[in-house]
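The structure appears below as structure tokens.
The values are calculated or read from the model by the stated rules, or taken from the named source; none is laboratory data. Nothing here was measured: the structure is a model prediction, and the numbers come from that model. Cβ sites come from the backbone with ideal geometry, for glycine too, and all protein chains shown count toward neighbours. Heads up: the accessible areas ignore ligands, DNA and RNA and are worked out on the full protein's heavy atoms, side chains in. Shrake-Rupley method; radii C 1.70, N 1.55, O 1.52, S 1.80 Å.
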Amino acid sequence: MLGPFADPKAVETLNHQMGTDRPVLVQYADWMSGFLTGDMGQSYAYRSPVAPFLGTALLNSSKLAAVAFILVVPLGIFGGVIAALYRGRPTDRILSVVGISATVVPEFVSGIVLILIFGVWLRWFPISATWSANAGFWNQLYHLILPSVPLVLILFGYIARMARAGMIEALDADYTRTAVLKGLTYPQVIWRHVLRNALLPTISVIATQTVYLIGGLVVIEILFHYQGIGSLIYIAAKKKDFPMLQAGVMAIGALFAVATLLADLLYARLNPRIRFGGRE
Amino acid sequence: MTDALTFENLGVAYRVKGRSQQVLYGIDLQIARGEAYGLVGESGCGKSTAAFAAVRYLPRNGLVTNGRILIDGQDIHQLAAPDLRKLRQYSVSMVYQDPGRSLNPSLPVGRQVSEVFELAGVPRAEWPTRVAEILAKVQISDPALVMQRYPHQLSGGMQQRVAIAMAVASNPTLLVLDEPTTGLDATVEAEVLDLIQHLRRELSTAILFISHNLAVIARMCDRVGVLYAGRLVEEARTDEIFRTPRHPYTAGLLNCLPQAGRSKDKALLATIPGFLPGPGAQITGCVFAPRCALADCLCQTRDPAFVRAGDRATKCHYPERVADMNRAVAAPVLVAAGQGSRRILQISDLAKSFGNGLQRQRVLRDVGFDLRAGETLGLVGESGSGKTTLARCILGLLQPDPGSRIQFDDQPLAGTTAARSRDQVKSIQIVFQNPDSALNRAHSVHRMLSRTIGLLIGLRGAAREARIRALIRAVRLTDRHLTALPRQLSGGLKQRVAIARAFASDPQILICDEPTSALDVSVQAAILNLLAELQATKQVSYILISHDLGVVRYLSDRIAVMYLGQVLEIGPAEAVFSGPHHPYTAALLSSVPSIDGGNNDRVRLTGALPSTANLPNGCVFHTRCPRMMPGLCDQTAPPQITLHADHVLACHLPPDQLSTTARQPLPDGTGPNLADSPVYG
Amino acid sequence: MTDTQVTRQDHGWRADLRRLLRSATFDCGAVIVLFWVGCALVGAQLVPHDPFTDDLMNALLPPSSDHWFGTDQLGRDVFSRVIVGARDILTVAPTATLLSTLLGTALGLTMGYFGGLIDEVLSRITDAVLALPTVIVALLALTALGTSTITVLVVIAFSFAPIIARTVRSAVLTEVGLDYVAAAELRREGTPYILFVEILPNVLPPILVESTVRLGYAIFTVATLSFIGFGIQPPSPDWGLSISANYGMIGGGFWWTVLFDSLAIASLVIGINLIADGIESVLHD
């Protein structure tokens, strides 16, 4: 786990803290069964069980992630589709350059700029995402808008790029030509023949992007003082609170697995080539 | 009555990297209602551009530079969008190559066909019956079932039937067919061509038929136009153009074809020297002059007009001289292959399967034959018959199943190249189908040859250089080509490099896997000549894999016919072609269209090729055999019948009931198409 | 035969380079990146103030003619720090990218060429590495090992290698299906020759594109780690680190302490991605 570059002292501390005097498999089985039954051990830092912290953090993070997803999926697909329909023209170039640029700017950079503009100068949004205890849905949403924008920017480029590539492939496909030569109208061709085939690959990409989204959560939650899974892991790491850290990382791994599975199922549901197997 | 399609002085250009490249120059043609017009030419001559221009669907960078296109008397470029849609709904349809791609993969085919009726305003309730009707019309036996299928669940032939059904459902004035059978197997191609002819009689639709295949055009069309480098160079009635061509290019194309009766023992094939000019090239004089045997000063300075005389037209200064063109190349006497001599390769019980359990694909089963020194064994069969797998097993690129035996020079051959001795590896080499795949695009010609010579012959330094130079000359290339990378060479030159590499190690057996199927006819002839010459001078045995029976017939001494991983028939080439032969061989032979036409008593195959994961019991061919005997063929494996000499086939039919081919090769070995013509008489 | 012509057309890497230089996106990206590389190399000699000297009398001054970008809470000149701040990140990120490219290429070649069980096992391992975000992996490793530049470098190299390996693997799979590989086996070439001399030159273009993209993400990751305190350590004038030290005060209106560093990071990563986009579009035509 520590690799060849491990500082001997760190190894020692870690061994002691994790109680590695027992056989590895026993420890793992122990911990795993605990994790599955909701007993994730005691936090070193808080001297209390890990599970409640994890629960709250996951709930908060999902709220933030949900806002980001709900904004970015339609936006990204729309951007990609528009870029493909105006392929090679200025609209396409602008969307592409904006897309790839947005995707590589770290969340904390875009977050800082957004806070400066909309939090400090314009004062449209709060610069901290923490709401008061009795805040309702709309108030929570209001607090989550600004933090979700950097995540949206990161994902927009990916989704738009995939959607554009899928659209262009479908637009150039022979079956689209067949549809046009039948005499269908342009909207009929796009809706019936192009979109469905074009967006299939995008769906699987969206799921794998959850992993980047979670990576981004760490930074965003720190920047906006928001208590989610990212800041939980960050604080646990800073305080060397290993049970907490372990539980947080495990939860992320599980989330990723679930998201991938859901995407595969959805993809199979939409793709007749998988649904109905091979040639008869 | 107006013509179905008219091109008036049509010019089309593409914009490539900011420059405009003309691809069609002043094409003039008319297709009358109900007429089938064939447009033929080699790759890059502008055939498909003409087809897509006709339906106003040029690629994004394509542009009609001059002239008009009229369908049903309407100038299609004057039509507003709704009228253009109307035209496409009712007057013109198109079917193209690769039916698997032309259907939407995520909609059931019934839904896709029903869109035609939806556009025609048929009430929704009637769609299913109308779709079933039209599918039945294209001879789909179970329309109700097929309607619910997705394209990927249908075979290539079925997919193309569905595409044709969509195209003819609105009973259009004009049907544009762009290479509709290219890429399909011979037997499937024959079925689709039958279907198109049948529909023509029923529907009286005019057809623009685009193909690179002269024989297909000859079979399907009333009139033919020959395209060369974007110009229409000749036009005439089908029977006339193939008998008495009036343009040197047409004559050249016809002479290049390895047809019935031509064989390597008798004469080399004629070739057309030189290259097609690149797109957008500036040319003074006749565009064909640089490659034309008749060209003189006039041809090089003045572009001939496209002159009509009666129902014929040609773009040549000297049409009357075409008839005198030398058709057979002065053939150097080729040493006949060493018939009946030493057996260099012996294969028995060869089997190869992939995967396990229920998914186990048995691609080769019980394959056994011998190859003699210096002979060519032709291997024919549809795709999926295991030809290429067999080749890879012989080469040691695939390990055969245990129990298989391959012997080279009476020594058993190991299953992999690594386990074979250097001498064994260097003795069995291959020329692959596609030179683009076979030549490493990062390596120069010199590097490819020198590596092979170094590793397999062990030559170094000056000796190696000398050998490289000798090789490059043997395949008619020059030292200049040694530094070239594959992308700097044309397709024919690349295949020469591949042949040079295959001969670099002085092999005794050379496998030629579809050596010319990626090439145009005129280039094909030169490559076949080269292979024949090299065999004669170097005494190599060939195993020739090809789907083109003309090619197989030209080069082969013996022929093996494969079906579903088994050899159904093997024997001397003439005996296999003339019969008596296996019912499958009969079907294969009769499915190939030929320029001299005729051949109406086709042996038709029914059903699709069974899966190799689920082979039929008894005779593997019984599911599609027109002469299947229930209770026998579907129960017991057929016996091996020895007809005479070494002509063996596996069939339950008694030898005297096996069919023969009526058409006998002409004794003098010349093509019948030209020999019959009055001009030559 | 007269068809002995060798065409010398607009092909090969020279032509590609010419087209690359004509691409506007590539040129924009190259100008930006070259500017920062220049800053990293000679910036320390050119800046008007010493980026490391505290001057508490002049702390938190807004931008002026003396301090173009103002001063930070310790009175250091922000302009000088931004210029010199390019140095560390432009050392760590490219090194990590180079390492991950080498590792990923080796992995991808192995997986794609040998296939079978080797591919299966290595694919599982790379999938597992990709299941966790790089920032989380880095957090875990740095917590366990203590923060050091070497650890950052190794973590990035190991987390990016699977992505490059995937790209290389799929490119190699295409190549292995081509007959020139069979031709090489038919003259008994050794595996290393087939891998590195036959196949590798043909998969270089996708590797070049992917590793340029990865360079952008390496900078992204180093900056992010520095921002959360696990990356480049003080007293470096690194951009992420400076933002980390000063962003607590943005509520107080000291925008200049963070804005210029943010723009520096953004411009560098965007510049690199514009280069990648330029290369990709030239190679794909």
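Among the residues of segment B:47-75, which ones are over 30 Å from B:H198 (Cβ atoms) and of a type outside the set (A, V, I, L, M, F, W, C)? Within segment B:47-75, B:P59, B:R60, B:N61, B:G62, B:T65, B:N66, B:G67, B:R68, B:D75 meet the criteria. Taken over segment C:164-186, residues that are outside any helix (DSSP H, G or I) and surrounded by fewer than 21 Cβ atoms within 10 Å (Cβ to Cβ) amount to 2. The condition of being more than 14 Å from every other protein chain (Cβ to nearest Cβ), more than 18 Å from B:I344 (Cβ to Cβ), open to solvent by 10 Å² or more (accessible area, probe 1.4 Å) and not in a strand (DSSP E or B) holds for only one of B:A575, B:A532, that being B:A575. Looking only at residues that are outside any helix (DSSP H, G or I), within 11 Å of chain A (Cβ to nearest Cβ) and not polar (S, T, N, Q) in segment C:102-151, which one is surrounded by the fewest Cβ atoms within 10 Å (Cβ to Cβ)? Step by step, filter segment C:102-151, then rank; the result is C:G146. Run A:F108 past the list (1) surrounded by fewer than 21 Cβ atoms within 10 Å (Cβ to Cβ); (2) within 11 Å of chain C (Cβ to nearest Cβ) and report the number of the one that doesn't hold. Failed condition: (1). For segment A:135-180, residues that are free of Cβ contacts under 8 Å to residues at least 24 places away in the same chain and either in contact with a His (Cβ under 7 Å, 6 or more places away or on another chain) or assigned to a helix (DSSP H, G or I) (or both) total 13. With respect to the stated conditions, C:S242 is within 17 Å of A:I115 (Cβ to Cβ), away from chain B (no Cβ under 14 Å) and buried (at least 24 other Cβ atoms within 10 Å of the Cβ). Segment B:175-255 holds strands (runs of 3 or more DSSP E) entirely within its bounds, and those carrying 1 or more residues that are under 22 Å from the mean Cα position of the chain (by Cα) map to B:206-211, B:223-228.
In the set (1) surrounded by fewer than 19 Cβ atoms within 10 Å (Cβ to Cβ); (2) assigned to a helix (DSSP H, G or I); (3) more than 29 Å from the chain's Cα centre (by Cα), the condition left unmet by B:T452 is number (1). For segment B:465-486, a tally of residues being part of a loop (DSSP other than H, G, I, E, B) and open to solvent by 60 Å² or more (accessible area, probe 1.4 Å) returns 1. Residues in segment A:113-134 that are closer than 17 Å to A:I220 by Cβ and in a helix (DSSP H, G or I): A:V113, A:L114, A:I115, A:L116, A:I117, A:F118, A:G119.
Answer yes if at least one residue in segment C:258-279 is acidic (D, E) and not in a loop (DSSP other than H, G, I, E, B), and no otherwise. Scanning segment C:258-279 turns up at least one residue that is acidic (D, E) and not in a loop (DSSP other than H, G, I, E, B).
Of all residues in segment B:181-222, those satisfying the criterion of being in contact (Cβ under 8 Å) with a residue 60 or more places away in the chain and in contact with an Asp or Glu (Cβ under 7 Å, 6 or more places away or on another chain) are B:G183, B:D185, B:A186, B:T187, B:A206, B:I210, B:S211, B:H212, B:D222. Could you please let me know if B:A518 is touching a Pro at 6+ places or on another chain (Cβ under 9 Å), among the aliphatic types (A, V, I, L, M), part of a loop (DSSP other than H, G, I, E, B) and assigned by TED's automatic domain parsing to the domain that holds B:G550? In short, yes.
Determine whether B:D75 is surrounded by fewer than 16 Cβ atoms within 10 Å (Cβ to Cβ), without any contact (Cβ under 8 Å) to a residue 40 or more places away in the chain and closer than 23 Å to B:G230 by Cα. Here the answer is yes, as B:D75 does meet what is asked.
Apart from one condition, C:E189 fits all of (1) assigned to a helix (DSSP H, G or I); (2) closer than 24 Å to B:N434 by Cα; (3) within 9 Å of another protein chain (Cβ to nearest Cβ); the exception is (1). Considering C:E189, C:E210, C:E175, C:E198, which residue is within 13 Å of C:T97 (Cα to Cα) and among the acidic types (D, E)? After ruling out the rest, the residue left standing is C:E210.
In segment B:311-353, of all residues being among the hydrophobic types (A, V, I, L, M, F, W, C), over 23 Å from B:R243 (Cα atoms) and at pLDDT 90 or above, the one that is surrounded by the most Cβ atoms within 10 Å (Cβ to Cβ) corresponds to B:L350.
Among the residues making up segment B:111-120, a single one is within 31 Å of the chain's Cα centre (by Cα) and either more than 9 Å from every other protein chain (Cβ to nearest Cβ) or hydrophobic (A, V, I, L, M, F, W, C) (or both): B:V113. One residue stands out among those in segment A:191-215 that are open to solvent by less than 20 Å² (accessible area, probe 1.4 Å) and more than 17 Å from A:A65 (Cα to Cα): the one that is nearest to the other protein chains (Cβ to nearest Cβ), which is A:H193.
Answer yes or no as to whether B:A414 is within 8 Å of chain C (Cβ to nearest Cβ), open to solvent by 20 Å² or more (accessible area, probe 1.4 Å) and among the hydrophobic types (A, V, I, L, M, F, W, C). Judged against the criteria, B:A414 is not a match.
Hey, A:G119 hits all of (1) open to solvent by 40 Å² or more (accessible area, probe 1.4 Å); (2) small (G, A, S); (3) within 13 Å of chain C (Cβ to nearest Cβ) but one; which does it fall short on? Among (1) open to solvent by 40 Å² or more (accessible area, probe 1.4 Å); (2) small (G, A, S); (3) within 13 Å of chain C (Cβ to nearest Cβ), A:G119 violates only (1). For the subset of segment C:252-265 comprising residues that are more than 22 Å from C:N58 (Cβ to Cβ) and either over 16 Å from the mean Cα position of the chain (by Cα) or surrounded by fewer than 21 Cβ atoms within 10 Å (Cβ to Cβ) (or both), which member is nearest to the other protein chains (Cβ to nearest Cβ)? Looking at residues that are more than 22 Å from C:N58 (Cβ to Cβ) and either over 16 Å from the mean Cα position of the chain (by Cα) or surrounded by fewer than 21 Cβ atoms within 10 Å (Cβ to Cβ) (or both), I get C:S262.
Looking only at segment B:368-402, residues that are touching a helix residue (DSSP H, G or I) at 6+ places or on another chain (Cβ under 6 Å), within 17 Å of B:Q566 (Cβ to Cβ) and outside any loop (DSSP other than H, G, I, E, B) come to 3 in all.
Just to be sure before I move on: is B:G492 under 30 Å from B:S353 (Cα atoms), in contact (Cβ under 8 Å) with a residue 12 or more places away in the chain and either outside any strand (DSSP E or B) or at the interface with another protein chain (Cβ under 9 Å from one of its Cβ atoms) (or both) in the structure I sent? Considered against the rule, which asks whether it is under 30 Å from B:S353 (Cα atoms), in contact (Cβ under 8 Å) with a residue 12 or more places away in the chain and either outside any strand (DSSP E or B) or at the interface with another protein chain (Cβ under 9 Å from one of its Cβ atoms) (or both), B:G492 comes out as no. All of (1) closer than 17 Å to B:K264 by Cα; (2) among the aliphatic types (A, V, I, L, M); (3) not in a helix (DSSP H, G or I) hold for B:A560 with one exception: (1).
Let's see how each residue does on (1) more than 10 Å from chain A (Cβ to nearest Cβ); (2) within 23 Å of A:A173 (Cα to Cα); (3) modelled with pLDDT of 90 or more; (4) surrounded by fewer than 17 Cβ atoms within 10 Å (Cβ to Cβ):
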{"position": "B:N104", "(1), (2), (3), (4)": "no, yes, yes, no"}
{"position": "B:V109", "(1), (2), (3), (4)": "yes, yes, yes, no"}
{"position": "B:V122", "(1), (2), (3), (4)": "yes, no, yes, yes"}
{"position": "B:A132", "(1), (2), (3), (4)": "yes, no, yes, no"}
{"position": "B:L145", "(1), (2), (3), (4)": "no, no, yes, yes"}
{"position": "B:Y150", "(1), (2), (3), (4)": "no, yes, yes, no"}
{"position": "B:V162", "(1), (2), (3), (4)": "yes, yes, yes, no"}
{"position": "B:L177", "(1), (2), (3), (4)": "yes, yes, yes, no"}
{"position": "B:I207", "(1), (2), (3), (4)": "yes, no, yes, no"}
